Amino acid sequence: MENLLKEVCRISEKYINRELLSGEYYNIFQVIDMTSNETGVHSAFIADLLNPKGRHRMGDVFLKLFLEMDIFKDMNFESANAIVEREKYIGEVTDETGGRIDIHIMDSSGKCIIIENKIYASDQDNQIRRYYNYAESLKTEYRLIYLSLFGDVHDEDKTTGNDKNKKQLVQGVNYHILSYEKDILQWLEKCRSKDEVSGRPMIREAINHYINLVKYLTNQTMHSEMKKELEQLILGNNEYIRNISTLKKAIELSEISL
């Protein structure tokens, strides 16, 4: 038990020091209580990075990195003069069409990228189907993307409107899934690593804060890493496992004494 407590203290101290050195504990989005605002924070930040005319004034450098993802590899999307719109209105909502697209990107040849951005909000009726029908009406090449924290569709049948009377919309064919946990985080880290960004500290730190927020929302913070290391410590030693109930009682008694 003494050895276990020493190891727990060592691991805890390590992550406390790392957090202090990195400043991970401070994130502007958490300070202003805007961690899960899909439209005002997440779509806004991502859309501006993707926009060749965004406030970063770095042209299409971030959009090019985004287009390196596998789902765009055969698209030949022209990034330089792409037009990026948020909350693009595509008509009155019906069962088959209409609504507002979170992020809409179109190149000079008419090719289109449509992103439905989900943090915690529930799916709307026929939402992906409505956007699919809109994309099909453009008569051009497109990618329809459902973006969520962990790459899962919250309510697939509801948002696709799949039933026996309609064409079935298939993931990976009619629409694609991206996650904040992996895809967006990897893209942001590539954005931060660009040579052009290193000389622009305001942009670099803004991306850093947003990376920090994505890690927080997808349980990839240092606190989460510490929990994993503690689990591995205990589960990797049969003696610790056998005595875990004794340790728990000792902690409870210590708390009462305090």
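The numbers here are math on the coordinates, done by the rules we state, and not lab data. Model, not experiment: these values are computed from the prediction. All Cβ positions, glycine included, derive from the backbone under ideal geometry; neighbour counts span all protein chains shown.
Stretched out straight at 0.36 nm per residue, the stretch from THR94 to GLU141 would grow longer than its current Cα-Cα span by 14.5 nm. Note on the chain: helix-only mean residue ellipticity at 222 nm, from DSSP H runs of 4+ residues weighted -39500 (n - 2.57) and normalised by residue number, equals -13000 deg cm²/dmol.
The alpha-carbon of LYS64 sits under 26 angstrom from the alpha-carbons of these lysines, leaving out residues fewer than 8 places away in its chain: LYS53, LYS73, LYS88, LYS111, LYS118, LYS139, LYS182, LYS190, LYS194, LYS215. The simple spin-label model puts a point 7 Å past each Cα toward its Cβ; for HIS154 and ALA80 those points are separated by 4.0 nm. Selection among LEU169, GLN124, VAL214 by position relative to the dipole of the stretch 25-220 gives VAL214 as farthest towards the positive end (Cβ unit charges, Cα centre). Ordered by the number of other Cβ atoms lying within 10 Å of each residue's own Cβ, fewest first, CYS112, CYS9 fall into the sequence CYS9, CYS112. From largest to smallest, the equivalent ellipsoid semi-axes obtained for the stretch 25-220 from the alpha-carbon gyration tensor read 28, 20, 14 Å. Remark: the stretch 66-75, residue by residue, has Karplus-estimated 3J(HN,Hα) of 4, 6, 6, 5, 4, 5, 10, 4, 9, 8 Hz, where x stands for each Gly or Pro and the curve is 6.51 cos²θ - 1.76 cosθ + 1.60 at θ = phi - 60°. The separation of the stretch 181-229 from the stretch 85-134, counted between C-alpha centres, amounts to 27 Å.
Placing pseudo-labels 7 Å out from each Cα toward the beta carbon at LYS167 and MET34 gives an inter-label distance of 4.0 nm. For the chain, what is the percent of antiparallel DSSP beta bridges, rounded to the nearest 5? Around 50 percent of the beta bridges assigned by DSSP in the chain are antiparallel ones. Ordering PHE72, PHE62 from the fewest to the most neighbouring beta carbons within 10 Å gives PHE72, PHE62. For the chain, a Gaussian network of Cα nodes joined below 10 Å ranks LYS139, LYS194, LYS53 by mean-square fluctuation, and the top entry is LYS139.
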